Amino acid sequence: MKNQKKFVELTALYPDDAEALTKLADNPKVAQFLRDSFPQPYTIDHAKEFIRLMTEGNVQSVFAVRYKSEFAGIAGVHLLSDVQRRTVEAGFWFGEKFWGKGIATEVCRQLVKFAFTYYDIVKIQAEVAAPNHASAKVLKKNGFQLEGVLRQSFHKNGHDWDLHIYGLLREEVE
């Protein structure tokens, strides 16, 4: 797993990614811990519209994740606003066939490097539904600390889960 660095790449999204994006995203297991804005079922039209918004909107911080050149998922950061304007929120998801390969840990590492290089920020944060142990583990491996728990604040598919807030400060990055 330590050699994933050479196999994992964050790239631009392309219209040709729509079919692969649809295939990976149209899975309830992928969507189970994502926000409701992530459609389920996920159609080719959803994929095309997402790619169009990301490319035409010139969104610079949403990436296709490629593992050994194969489309594997989406990752990105977005700058928060107002009093949180020096914080970005990080997020990522991967197709089920890419789980458990160490890809997420490497993607998170690359997102951290990207965010602290290209944004005038002091912090990266991420939100994780309590049952999503895999994402919490990835964040911890990358130096994120659990900063707080918003009790029963994640409402999805009839469940009310705690929402864990993780953070990483610039000075904590090696």
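Just so you know, all these numbers are worked out from the coordinates, no wet-lab data involved. The model shown is predicted, which means the values in this text are computed figures rather than measured ones. Every residue, glycine as well, gets a Cβ built from its backbone with ideal geometry; the counts of neighbours run over all protein chains shown.
In a reduced charge model with +1 at each Lys and Arg Cβ and -1 at each Asp and Glu Cβ, the chain shows a dipole moment near 640 debye about its Cα centre. Peptide packing: for 78-84, 138-144, the average count of neighbouring Cβ atoms within 10 Å per residue gives the ranking 138-144, 78-84, highest mean first. Scalar couplings 3J(HN,Hα) for the range 27-42, obtained by applying the Karplus form with A = 6.51, B = -1.76, C = 1.60 to θ = phi - 60°, are 8, x, 5, 5, 7, 4, 10, 9, 4, 5, 5, 7, x, 8, x, 10 Hz; x denotes Gly and Pro.
If you run the Gaussian network model on the chain, springs between alpha carbon atoms under 10 Å, then out of 158, 57, 73 the most flexible one is 158. Could you tell me which of 28, 164, 146 has its Cα farthest along the dipole of the chain towards the positive end, charges placed at Cβ (Lys, Arg +1; Asp, Glu -1), taken about the Cα centre? The listed residue farthest towards the positive side: 146. Modelled this way, with points 7 Å down the Cα-to-C-beta line, the labels at residue 60 and residue 118 are 0.7 nm from one another.
Modelled spin-label separation between residue 32 and residue 157, with each label point placed 7 Å from Cα along the Cα-to-Cβ direction: 0.5 nm.
The HN-Hα couplings worked out from phi for the range 62-74 by the Karplus form 6.51 cos²θ - 1.76 cosθ + 1.60 (θ = phi - 60°) are 10, 10, 7, 9, 10, 10, 6, 6, 8, 4, 10, x, 10 Hz, whole numbers, x standing for Gly and Pro.
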